[in-house]
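Visitor: The structure under discussion is supplied below as structure tokens; questions concerning it will follow.
The values are calculated or read from the model by the stated rules, or taken from the named source; none is laboratory data. Only a predicted model underlies this, so the values are computations on that prediction, with no experimental measurement involved. Reconstructed Cβ throughout: ideal geometry from the backbone, glycine too, with neighbour counts over all protein chains shown. For accessibility, only protein heavy atoms count, side chains too; no ligands or nucleic acids. Shrake-Rupley method; radii C 1.70, N 1.55, O 1.52, S 1.80 Å.
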Amino acid sequence: MNDRPSFPQRSTTIACIAALCAMVTSCAPTPAANPTPTPTPAATSSSQISDQLWEQVAAKYPDAERPSVTMVRYVDRFEWAGVIADCMAESGFEAEAQPNGMLAVNQDDAQGMASDVAQWSCMVRYPLEEKYTRPFDDAQLKALYEYQTTTLTSCLQEAGVEVSAAPSLEVFEQTWQTAEQWSPYLDVADSGLLMDQIYELATTCPELPEHVYDLG
């Protein structure tokens, strides 16, 4: 059996169209030359996301046939993994919601294509709410920077994580969703914490707080 984790909190097989959730698809806007308010960017539609996710399946399995699927309802990021796991179980595949919001899919190699198609179908039936698929605007990035450099940094330090110095707000905005992106969570891997402790951090010290999404 192959225990394959998918759809990370960020930031993350078809599960984490890193665009999709990371939790979700925010791209850093170019800083404006004047203080003119930035319009709220349009969310990536559920149909666009389903197309993007299917491209990943088709690239891996050229013979895969795309099923006709009807959306049931939108879900929030906290229930996403559990809903998808239950949906996959109804299709005969083993999946489990992880404590950090990710999804672990158990499959035999021979079931790879069928499992990925089932996972795609479940994600189309239960897409994330559009506030999670809308690129962050300037106000959201500023709020996230404030949170990560204060509340989140303190939370991780109390858990024993040595957090590296934060960049300026301007650099944070310019490097958001790039390889140079800064986050206090980048230091968790070197903290020596056990996996169970890291899972707990995802709840006690969330990297992406809900109030930032609600600003959009």
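Visitor: Quote to one decimal, in nm, the extra length available between S91 and A58 on full extension: 0.36 nm per residue of separation minus the C-alpha distance between them.
Guide: Result: 9.9 nm gained on full extension.
Visitor: Applying a 10 Å radius around every beta-carbon, put 164-173, 74-83, 130-139 in order of their mean neighbour count, most first.
Guide: Top of the packing list down: 130-139, 74-83, 164-173.
Visitor: OK, next. Rg to Rh for the stretch 125-193: what is it, with Cα atoms only and Rh by Kirkwood?
Guide: 1.03
Visitor: Using R₀ = 22 Å, calculate the FRET efficiency as 1/(1 + (r/R₀)^6) where r is the Cβ-Cβ separation of R66 and A114; round to 0.05. Let's see the in-between values first.
Guide: Values: r = 13 Å, r/R0 = 0.61.
In this case the efficiency is close to 0.95.
Visitor: If you don't mind, another one. Please report the net charge: other residues with Cβ closer than 10 Å to the Cβ of V117, K and R +1, D and E -1.
Guide: Details: positive: R66; negative: E65, D116.
Its environment carries a net charge of -1.
Visitor: Also, quick follow-up: Could you order C155, C87 by accessible surface area, starting with the largest, using a probe radius of 1.4 Å?
Guide: Per-residue accessible area, sorted high to low, gives C155, C87.
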